[in-house]
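Encoded as structure tokens, the structure appears first; notes follow it.
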Amino acid sequence: MADMRTPLNKVRGLGSAKEGADHFWRQRMTALANVPLTIFFVVTLISLWGKDYAAVTSYLGSPVVGIVMLALVVSAMVHMRLGMQTIIEDYVHSEGIKVLCLMLNTFFVILVGLSCVYAIVKLSLGA
């Protein structure tokens, strides 16, 4: 199969969509980041099982835990948006509905992400 890229795009590694492998690598990097972050989250849930409210809020209010949880939220939201974008682009064929779904996907991720960040910041600041 012939390579349809221009010489400049071959050097830059860009395909016809002008994004190249950027989408692919962002999805793989967030997936890789999600592994230890999710393990930390699951271990945290297990360690806090059965503890009272004060102990849980005290632990989750720790700066280190807050930063790791924020990293998990950001990584998971970016990964979720990229994954759903791929699904929408592959399986929604009507151009208008595709654009609407992509916009809704972005707004949903922003809403969920901001809600999580708000909760983590509120716990971290002790409010």
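Values for this structure:
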{"item": "Hits in the stretch 58-80 - residues which are more than 12 Å from Val117 (Cα to Cα) and not small (Gly, Ala, Ser)", "result": "Tyr59, Leu60, Pro63, Val64, Val65, Val78, His79, Met80"}
{"item": "Cβ pairs under 6 Å, 6+ apart, first in the stretch 96-109 and loosely packed, with under 14 Cβ neighbours inside 10 Å, second modelled with pLDDT of 95 or more and assigned to a helix (DSSP H, G or I)", "result": "none"}
{"item": "From Val121, Val74, residue being touching a helix residue (DSSP H, G or I) at 6+ places or on another chain (Cβ under 8 Å) and more than 23 Å from Phe24 (Cβ to Cβ)", "result": "Val121"}
{"item": "Flag if Ser115 is surrounded by 15 or more Cβ atoms within 10 Å (Cβ to Cβ), under 15 Å from the mean Cα position of the chain (by Cα) and in a helix (DSSP H, G or I)", "result": "no"}
{"item": "Scan of the stretch 49-94 for residues that are without any contact (Cβ under 8 Å) to a residue 12 or more places away in the chain and either aliphatic (A, V, I, L, M) or assigned to a helix (DSSP H, G or I) (or both), ordered by number", "result": "Tyr53, Ala54, Ala55, Val56, Ser58, Val64, Ile67, Ile87, Asp90, Tyr91, Val92"}
{"item": "Enumeration of residues in the stretch 9-28 that are exposed (fewer than 14 other Cβ atoms within 10 Å of the Cβ), at pLDDT 65 or above and of a type outside the set (Gly, Ala, Ser)", "result": "Arg12, Asp22, Phe24, Trp25, Arg28"}
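The values are calculated or read from the model by the stated rules, or taken from the named source; none is laboratory data. All values reported here derive from a predicted model rather than from experimental measurement. As a convention, Cβ positions derive from the backbone with ideal geometry for all residues, glycine included, and neighbour counts pool all protein chains shown.
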